[in-house]
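Enquirer: Have a look at this one before I ask anything.
The values are calculated or read from the model by the stated rules, or taken from the named source; none is laboratory data. Note that this is a predicted model, so its numbers are computed, not measured. Cβ placement follows ideal geometry from the backbone for every residue including glycine, while neighbour counts extend to all protein chains displayed. Accessible surface areas use protein heavy atoms only, side chains included; no ligands, DNA or RNA. Shrake-Rupley method; radii C 1.70, N 1.55, O 1.52, S 1.80 Å.
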Amino acid sequence: MLKNKVAIVTGASRGIGKATAFKLAQHQVQVVLFSSSEEVMETAQELEHLGHRVLAVRGDVARESDVQSCVTQTIEQYGKVDILVNNAGIGFFKEVEATSLEEWQRLFAVNVQGVFLFTEAVLPYMKERGQGTIINIASDVARRTIPNGAAYTASKYAVQGFTGAVAQEVRKLGIRVGTINPGMVDTYFNNSIQGDPQKRDWLKAEDVADAVIYMASAPKHMVIDEVMLHPLIQEYPNV
């Protein structure tokens, strides 16, 4: 069902983005890797060594020219964009008084503006073909609040709201838009170490990647609006 489709994955150098790129490639998707990190080139080499054809682009999701360049290169090389996975994101946890304006602005630039810019850039090509799937990786805190997380939680609520509105705008055009909202995931998030023994029972990046495959593989007549997933050990309010 996914064979020969073209997908752009942001934040693809490591963590959930890298795992998603590998899962898509395993399903014979032509993957475009986008990241601000030089590690994205290493990810591309790993995929190429496994026999997968990929395009790697370095850039900032919050910079419109970088986003447009990535989409343009994708169209020039593959002629279409079937799937967009807006995964790039950053986070920190501080009390409001300890949060600087610069930190707030950068968080929203990456987590929210980046989602907007990539969505805006691919929609004309999806509309032209009357099909496409946009998957936004948000967080379970897009549905609940946590202490010391005002900035991060607000950014994820924004992504959830943006996703819902865009989904209603484009569903009649054959384009599907949804969110994946994971709880605790063992990645490099918030400058932590992936593989830390203390995170042994957390979700793995591959678990979230599997959810991306599930959402992207849905039959054309079906839209999966939201997927919420948590590790069994995580306690959280009923969301």
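Enquirer: Report, by residue number, each residue of segment 38-59 that is open to solvent by less than 70 Å² (accessible area, probe 1.4 Å) and in a strand (DSSP E or B).
Expert: Scanning segment 38-59 gives Val54, Leu55, Ala56, Val57.
Enquirer: For segment 126-146, how many residues meet the condition of being assigned to a helix (DSSP H, G or I) and either acidic (Asp, Glu) or closer than 11 Å to Ile175 by Cα (or both)? Step through it out loud before you land on a result.
Expert: We begin by selecting, within segment 126-146, every residue assigned to a helix (DSSP H, G or I); these are 126-129, 140-142.
Among the residues that remain, those that are also either acidic (Asp, Glu) or closer than 11 Å to Ile175 by Cα (or both) are: 126-129, 140.
So the count comes out to 5.
Enquirer: Enumerate the pairs (first residue in segment 164-182 and open to solvent by 30 Å² or more (accessible area, probe 1.4 Å); second residue anywhere and among the β-branched types (Val, Ile, Thr)) with beta-carbon separation below 6 Å, excluding pairs fewer than 6 apart on the same chain, so at least 6 apart or on different chains.
Expert: Hits for this filter: Arg176/Thr133; Arg176/Val223.
Enquirer: Considering only residues of segment 23-37 that are part of a helix (DSSP H, G or I) and open to solvent by 40 Å² or more (accessible area, probe 1.4 Å), which is nearest to Val67 (Cα to Cα)?
Expert: Lys23
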